[in-house]
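Undergrad: Below you'll find the structure I mean.
The values are calculated or read from the model by the stated rules, or taken from the named source; none is laboratory data. Treat the numbers as computed from the prediction; the structure is a model and nothing was measured. Quick reminder, even Gly has a Cβ in these numbers, built from the backbone with ideal geometry, and neighbours come from all protein chains shown.
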Amino acid sequence: MVSKSRAVSAMSGENPGVDLYREALHIIDSGTSTLKMRDVLGRMANLGKKLAAKQTIGLPQEEGYLPRGLLRDELGKETAATRLVNMLVAKMRGEDFASEMSPTAFAPVPMPAAVKDMTKAKVMLITDGGLVPKGNPDRIEGTAATRWGAYNIEGRDHLRGEDYEVSHGGYDTRFVQEDPDRLVPLDALREMERSGVIGKLHDEFLSTCGRSNPLSNTRRLGREMAEKIKRDGVDAVILTST
């Protein structure tokens, strides 16, 4: 297949930039050691020449670049059922085999300790549904967001539609724009605060857009939010989504 990409880079597969840019350009697997730099530069040069000459680019394992997550049709010598059975038999025998699908691996996240007494806890509202004040002051993107915002709700019992908009694609936002409490339930949390179910509702809610976001970027946003949560002495978070 002749690629539309005209750029070549080199990164370790663990680099967050891989998730962000694998579809836009070819990324040679640099590994984790500079001892392989000569080989890496050679592969970059070879691939760059092919791209410049608009030659057909082979599969990742042939050219040495990291999988780009793109699908393309290819005529196989065996049916999918035959390939699947062959892989299963090889796995059962303990033999080497190459899967045609690379499963996404997620590092285990330990469960935090339970809040001992919610009647004394400070609670924060967070949403990935893209609710922002009118004008979107933080310019949070409606897809693959790179930013998040913190918005003041001190003294408010509910959110008014005329004060907010939604920066998020992929779902019908009309119901949230009519009543933002449907996404960020300030009204319900105020009732819980007044009745003593929770100790206090934090004076800000956090918001971003969770649509079509690479894991590396999502993790960064989460870390930044978590740092603020800790600084502000928040005990519990309610995360709402679309």
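Undergrad: Evaluate the following for Lys122: is it under 30 Å from Asp172 (Cβ atoms) and not acidic (Asp, Glu)?
TA: Against the criterion (under 30 Å from Asp172 (Cβ atoms) and not acidic (Asp, Glu)), Lys122 does not qualify.
Undergrad: If you take just the helices (runs of 4 or more DSSP H) that sit entirely in segment 1-109, which of them hold at least 1 residues that are more than 30 Å from Leu221 (Cβ to Cβ)? Let's see the steps before the verdict.
TA: Working: elements: 16-21, 37-52, 60-63, 80-93.
Of the helices (runs of 4 or more DSSP H) lying wholly inside segment 1-109, those with at least 1 residues that are more than 30 Å from Leu221 (Cβ to Cβ) span 37-52, 60-63, 80-93.
Undergrad: Are any of the residues in segment 189-209 under 30 Å from Gly13 (Cα atoms) and out of contact with any Leu (no Cβ under 7 Å at 6 or more places or on another chain)?
TA: yes
Undergrad: Another one. Return yes or no: is Leu59 at pLDDT 90 or above, within 30 Å of Pro214 (Cβ to Cβ), more than 20 Å from the chain's Cα centre (by Cα) and surrounded by 10 or more Cβ atoms within 10 Å (Cβ to Cβ)?
TA: So Leu59 fails the test.
Undergrad: For segment 132-167, which positions are in contact (Cβ under 8 Å) with a residue 40 or more places away in the chain and touching a helix residue (DSSP H, G or I) at 6+ places or on another chain (Cβ under 9 Å)? Don't jump to the end; show me each part of the working.
TA: From segment 132-167, those in contact (Cβ under 8 Å) with a residue 40 or more places away in the chain are 132, 140-154, 167; that's our starting set.
Of everything in segment 132-167, those that are in contact (Cβ under 8 Å) with a residue 40 or more places away in the chain and touching a helix residue (DSSP H, G or I) at 6+ places or on another chain (Cβ under 9 Å) turn out to be Ala144, Ala145, Thr146, Arg147, Trp148, Ala150, Ile153.
Undergrad: Now for a different question. Quickly run through segment 36-93 and pick out the residues that are among the charged types (D, E, K, R) and closer than 23 Å to Asp19 by Cβ.
TA: Lys36, Arg43, Glu62, Glu63, Arg68, Arg72
Undergrad: Same structure, new question: Name every residue in segment 152-173 that is surrounded by fewer than 18 Cβ atoms within 10 Å (Cβ to Cβ) and of a type in the set (Ser, Thr, Tyr), in order of residue number.
TA: Tyr171
Undergrad: Which residue pairs have Cβ atoms closer than 7 Å, lie 6 or more positions apart in sequence or on different chains, and pair a first residue in segment 184-208 that is without any contact (Cβ under 8 Å) to a residue 60 or more places away in the chain and not assigned by TED's automatic domain parsing to the domain that holds Glu154 with a second residue that is in a loop (DSSP other than H, G, I, E, B) and of a type in the set (Phe, Trp, Tyr)?
TA: none
Undergrad: Any idea which residue in segment 139-164 is nearest to Leu206 (Cα to Cα), counting only those that are within 19 Å of the chain's Cα centre (by Cα) and among the β-branched types (Val, Ile, Thr)? Give the steps one after another, and end with the answer.
TA: Start the filter on segment 139-164 by keeping residues that are within 19 Å of the chain's Cα centre (by Cα), which leaves 139-149.
Of the ones still in play, those that are also among the β-branched types (Val, Ile, Thr) are 140, 143, 146.
Numbers: Ile140: 12, Thr143: 17, Thr146: 14 Å.
Of everything passing the filter in segment 139-164, Ile140 is nearest to Leu206 (Cα to Cα).
Undergrad: I'd like the full set of residues that are surrounded by 10 or more Cβ atoms within 10 Å (Cβ to Cβ) and at pLDDT below 90, limited to segment 79-98.
TA: Within segment 79-98, just Phe97 meets the criteria.
Undergrad: Residues of segment 26-66 being touching a Leu at 6+ places or on another chain (Cβ under 6 Å) and either among the β-branched types (Val, Ile, Thr) or without any contact (Cβ under 8 Å) to a residue 12 or more places away in the chain (or both), which ones?
TA: The one that is touching a Leu at 6+ places or on another chain (Cβ under 6 Å) and either among the β-branched types (Val, Ile, Thr) or without any contact (Cβ under 8 Å) to a residue 12 or more places away in the chain (or both): Ile27.
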